[in-house]
Structures are given as structure tokens and as C-alpha cells.
1. Looking only at segment 40-59, which residues are of a type in the set (A, V, I, L, M) and buried (at least 18 other Cβ atoms within 10 Å of the Cβ)?
2. Out of Asn148, Asn153, Asn119, Asn144, I need the residue that is closer than 30 Å to Pro48 by Cα and surrounded by 10 or more Cβ atoms within 10 Å (Cβ to Cβ). Which one?
3. From the set of residues in segment 4-16 that are out of contact with any strand residue (DSSP E or B) (no Cβ under 9 Å at 6 or more places or on another chain) and either in a strand (DSSP E or B) or modelled with pLDDT of 75 or more (or both), which is most open to solvent (accessible area, probe 1.4 Å)?
4. From the set of residues in segment 17-35 that are in a helix (DSSP H, G or I) and touching a strand residue (DSSP E or B) at 6+ places or on another chain (Cβ under 8 Å), which is surrounded by the most Cβ atoms within 10 Å (Cβ to Cβ)?
5. Listed residues Ile121, Ile110; which is closer than 30 Å to Arg46 by Cα, in contact (Cβ under 8 Å) with a residue 60 or more places away in the chain and assigned to a helix (DSSP H, G or I)?
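The values are calculated or read from the model by the stated rules, or taken from the named source; none is laboratory data. These numbers come from a predicted model, not from an experiment. Neighbour counts run over all protein chains shown; Cβ positions are idealised from the backbone, glycine included. In case anyone asks, the SASA skips ligands and DNA or RNA and just uses the protein heavy atoms, side chains included. Shrake-Rupley method; radii C 1.70, N 1.55, O 1.52, S 1.80 Å.
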Amino acid sequence: MNEITVIQNKIYEIRGQRVMLDFDLAALYQVETKVLKQAVRRNIGRFPQDFMFEITNEEYNMLKISLRSQIVTSNKGGIRYMPFAFTEMGVAMLSSVLRSEIAIQANIAIMRAFVAMRNYIATTSTVTAELAEIRAKLALLERNDEDNAEAINDLSEDVRKELDNIYEAIAALAVKTPQVRPSRRPIGYKQ
């Protein structure tokens, strides 16, 4: 797996935003999570709510199932502090806080991963919209086919009824016996 794919697998959606968690970033920057959090707390003014936020217990519990192998626990068996979630802008801001060469290279790779993911989502959204349009057209065609089949059935039923009426009339004519009419007086001049 290439580096961008590895990073993309560490991007999660929390509160409707794509974010990376502090322990994943710390691993990419090759620093301890504690060091990363200390650097952020020392520069907290650089990380407004739309750059970085601490996830809640509920959010953590939702993520815990999928992250079981990644989540770092304390010696006491649990985590002491909830992880920080960094948006794309927050990750970009981390490069100004962590100034090592590894952090700079990791940050470049992370930015490329976010851009690749955004492009993928845009492409997928377009394809999804086109598929939805095709499905709608197919449903319309199916409805039209059903309507046409129903109309044909109605028409054939009407034709069958008319044919039955014609046969009945023919049968009634065939059964009628000719009536003898009394002879009439001839019309015209007598000679």
C-alpha cells in the first residue's frame, strides 16, 4: 500500500468533518502522542474549533470498535484523555507547531491524502448522481411498459368483448327462423 492510501485509512468522519486523530498523527510524525498534545496545548490559539476539537466519550466509543488495534491505552487500562481530532486545516497548522523534517514530510503526504480523498469523493458523487439519474430513467421506462401492457390488456379485453357480441349476433341471426309473411296486394296499376 502506498503512503497516501495508508494515510487515507486514518482519516475518519466525525461531526460531519473529515479528521485525523492525534495518535495517528503522532505515529506519522514519529513523536509520542503526549508530545504532540503538549505542542498543541502550548499553541492552542492556533487551533480554533474548526481546526481541532477533542472528541466526546460517545464519539470515542463509536470509533473504538473500528480502531481497537490502533488506540493507545494508559497503564491503568483505559485512556486518560480523549483524543484530539484535527481537520485538514488543523493538520496544516501542526506543521507550524512541529518543525522537524519528518513532520514537514509527513504533513506534505497528509495534505496530498486529503486532496486525493476530496477528489475521489467529488468523482464518486458525480458517478453516484449519474447512476441515480439512470435508475430514475429505468424506473420511468418500467412504469411506461407496465402502463402500455395494461393498455394492451384493456384493449384486447375490449376487442374480445366486441367479438363476443358479434358472434352472439351472428348466432342469433342463424337461429331465427324465417317468418312467413302474408301476401300483400301488389302495388301498381291493374290492367
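1. From segment 40-59, those of a type in the set (A, V, I, L, M) are 40, 44, 52, 55; that's our starting set.
Selection gives Val40, Met52, Ile55.
2. Asn119
3. We begin by selecting, within segment 4-16, every residue out of contact with any strand residue (DSSP E or B) (no Cβ under 9 Å at 6 or more places or on another chain); these are 4-6, 8-9, 16.
From what's left, either in a strand (DSSP E or B) or modelled with pLDDT of 75 or more (or both): 5-6, 8-9, 16.
Details: Thr5: 47, Val6: 54, Gln8: 45, Asn9: 90, Gly16: 67 Å².
Only one residue fits best here, namely Asn9.
4. So in segment 17-35, the residues in a helix (DSSP H, G or I) come out as 22-29, 33-35.
Pick out the ones that are also touching a strand residue (DSSP E or B) at 6+ places or on another chain (Cβ under 8 Å) and you get 22, 25.
On the way: Asp22: 23, Leu25: 26.
Only one residue tops the list, namely Leu25.
5. Among Ile121, Ile110, only Ile110 is closer than 30 Å to Arg46 by Cα, in contact (Cβ under 8 Å) with a residue 60 or more places away in the chain and assigned to a helix (DSSP H, G or I).
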